[in-house]
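Engineer: Below is a structure I'd like to ask you about.
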Amino acid sequence: MPEISRDEVAHLATLARIDLSDAELDHLAPQLSVILESVASISEVAGPDVPPTSHPMPLTNVFREDVVQPSLTAEQALAMAPQAEEQRFAVPRILGDEQ
């Protein structure tokens, strides 16, 4: 079982520039040991014949043919809009002038 000592946690915290109290070091060391043990157990399961993957099932994107079809004109789309401006939907401003 991989063990990580309190001193190793303190060293890692120093490298990460995280200020941990003595109580936090005592609390984190066993938790990190459990995490390391879990990772080690997963590493044991995967054999050389199992390729590393990010998903258990292959991901495929479903594409459709890009076909031009009759659609609304700009005037028809904007006809029921509460506000329209220069052939666009007018919406309330959500960002200030700071941009």
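The numbers here are math on the coordinates, done by the rules we state, and not lab data. The structure displayed is predicted, hence computed values, not measured ones. Virtual Cβ from ideal backbone geometry, glycine too; neighbours counted across all protein chains shown.
Engineer: Please name all residue pairs, on different chains or six or more residues apart, with Cβ atoms under 8 Å, provided the first residue is in the stretch 82-96 and is on the phi > 0 side of the Ramachandran plot and the second residue is of a type outside the set (S, T, N, Q) and surrounded by 10 or more Cβ atoms within 10 Å (Cβ to Cβ).
Structural biologist: Pairs that qualify, where the first residue is on the phi > 0 side of the Ramachandran plot and the partner is of a type outside the set (S, T, N, Q) and surrounded by 10 or more Cβ atoms within 10 Å (Cβ to Cβ), are Q87/A74; Q87/L78.
Engineer: If I ask for residues that are under 14 Å from E3 (Cβ atoms) and either more than 23 Å from the chain's Cα centre (by Cα) or aliphatic (A, V, I, L, M) (or both), which ones from the stretch 32-52 would you list?
Structural biologist: Of the stretch 32-52, the ones under 14 Å from E3 (Cβ atoms) are 32-40.
Those that are under 14 Å from E3 (Cβ atoms) and either more than 23 Å from the chain's Cα centre (by Cα) or aliphatic (A, V, I, L, M) (or both): L32, S33, V34, I35, L36, E37, V39, A40.
Engineer: Here's another thing I want to ask about it. For the stretch 73-80, state whether one or more residues are part of a helix (DSSP H, G or I), within 34 Å of the chain's Cα centre (by Cα) and surrounded by 10 or more Cβ atoms within 10 Å (Cβ to Cβ).
Structural biologist: First pass over the stretch 73-80, keeping only residues part of a helix (DSSP H, G or I): 74-78.
Okay, now just the ones that are also within 34 Å of the chain's Cα centre (by Cα), so none.
So far as the stretch 73-80 goes, no, none of its residues is part of a helix (DSSP H, G or I), within 34 Å of the chain's Cα centre (by Cα) and surrounded by 10 or more Cβ atoms within 10 Å (Cβ to Cβ).
Engineer: When the residues of the stretch 9-29 are narrowed to those that are assigned to a helix (DSSP H, G or I) and touching a helix residue (DSSP H, G or I) at 6+ places or on another chain (Cβ under 8 Å), which ends up surrounded by the most Cβ atoms within 10 Å (Cβ to Cβ)? Even if it seems obvious, please write down each step before you answer.
Structural biologist: Narrowing the stretch 9-29 to residues assigned to a helix (DSSP H, G or I): 9-15, 22-29.
Filter again for touching a helix residue (DSSP H, G or I) at 6+ places or on another chain (Cβ under 8 Å), leaving 9-10, 13, 25-26, 28-29.
Working: V9: 22, A10: 17, A13: 15, L25: 16, D26: 12, L28: 18, A29: 17.
Checking each candidate, the answer is V9.
Engineer: Among the residues of the stretch 30-46, is any outside any helix (DSSP H, G or I) and loosely packed, with under 10 Cβ neighbours inside 10 Å?
Structural biologist: Applying the first criterion (outside any helix (DSSP H, G or I)) to the stretch 30-46 yields 46.
Those still in the list that are loosely packed, with under 10 Cβ neighbours inside 10 Å too: none.
Taking every residue of the stretch 30-46 in turn, none turns out to be outside any helix (DSSP H, G or I) and loosely packed, with under 10 Cβ neighbours inside 10 Å.
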